[in-house]
Amino acid sequence: MQKRWRCKVCGYVHRGETAPDVCPVCGVGPEKFELMKEEGDDQPAPAGIKGLLQEMTDSFIPHAVMAHFPNALLPTLALFLALYLLFGLKTLDHGIYLLLVLVPLSVLATLATGIFSWKRHYDAARSQIFHRKLILGVCLVMICGEMLLLRYDNPELLSSMGFSTWFFLALAGAALFCVTMLGHYGGILVFGRIENNRGNFG
């Protein structure tokens, strides 16, 4: 039976006598791979409510939860902006302002939990995919912060339709791009290993 090696960074599973030179999902070297136990060696999970709660506690990753907030809030902000501009629904202005407060806070929390998760669960691996996520996260914080400042300084920002309005909308587009790419790279880490291992689980 071939040995199975798991990447400690992204979870990719490789079959072979030795670990691969490079992880095909996250790009780390062979030193980040660990030899997996043979099937059937694991202890059965405790049953019942207590076992379920223990499993949830052991597997809980704050970053995975926090990442959903900006992923939901930013598209909602874009929808409110579109409705405001297309139909002149000025009643949405307060909702837009509130979202502009919540989005940077959620992005900061997501970035903080992401760095914590990167250090705790991924051994702070210096791989390209994590560098990209970190850069995108920092850019997203800066963009959202600038959007909030623009709206705070000019309450009539959206109705004036001047240069600052178009700059604000461009920033909103950039924020959507950043959160989309962050979701893309997060998907590679979570689902990429599944695609690369399709048929290799048994």
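The values are calculated or read from the model by the stated rules, or taken from the named source; none is laboratory data. Predicted model only: the values in this text are computed from it and were never measured. Here Cβ is always computed from backbone atoms with ideal geometry, including for glycine, and neighbour counts include all displayed protein chains.
Figures for the structure shown
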{"read-out": "Selection status of THR110, polar (S, T, N, Q), free of Cβ contacts under 8 Å to residues at least 12 places away in the same chain, out of contact with any Phe, Trp or Tyr (no Cβ under 6 Å at 6 or more places or on another chain) and assigned to a helix (DSSP H, G or I)", "value": "no"}
{"read-out": "Residues of region 118-140 satisfying the condition of being assigned to a helix (DSSP H, G or I) and polar (S, T, N, Q)", "value": "GLN128"}
{"read-out": "Of all residues in region 165-202 being among the polar types (S, T, N, Q) and farther than 15 Å from TYR97 by Cβ, the one that is modelled with the lowest pLDDT", "value": "ASN200"}
{"read-out": "Filter result for ASP93 (more than 16 Å from MET66 (Cβ to Cβ) and surrounded by fewer than 16 Cβ atoms within 10 Å (Cβ to Cβ))", "value": "no"}
{"read-out": "Selected residue [surrounded by fewer than 17 Cβ atoms within 10 Å (Cβ to Cβ), assigned to a helix (DSSP H, G or I) and either β-branched (Val, Ile, Thr) or in contact with a Phe, Trp or Tyr (Cβ under 8 Å, 6 or more places away or on another chain) (or both)] from ILE143, ILE115", "value": "ILE115"}
{"read-out": "Residue satisfying all of: in region 148-163; at pLDDT below 90 and hydroxyl-bearing (Ser, Thr, Tyr); surrounded by the fewest Cβ atoms within 10 Å (Cβ to Cβ) among these", "value": "SER160"}
{"read-out": "Matching residues, region 91-134, being at pLDDT 85 or above and more than 16 Å from the chain's Cα centre (by Cα)", "value": "THR91, LEU92, ASP93, HIS94, GLY95, ILE96, TYR97, LEU98, LEU99, LEU100, VAL101, LEU102"}
{"read-out": "Flag for ALA125 being in contact (Cβ under 8 Å) with a residue 60 or more places away in the chain, in contact with a helix residue (DSSP H, G or I) (Cβ under 7 Å, 6 or more places away or on another chain) and under 23 Å from ILE96 (Cα atoms)", "value": "no"}
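Quick grid of which residues meet (1) modelled with pLDDT under 80; (2) surrounded by 10 or more Cβ atoms within 10 Å (Cβ to Cβ); (3) more than 17 Å from the chain's Cα centre (by Cα):
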| site | (1), (2), (3) |
| --- | --- |
| TRP5 | no, yes, yes |
| GLY11 | yes, yes, no |
| GLY29 | no, yes, yes |
| GLN54 | yes, yes, yes |
| ILE61 | yes, yes, no |
| VAL65 | no, yes, no |
| LEU74 | no, yes, no |
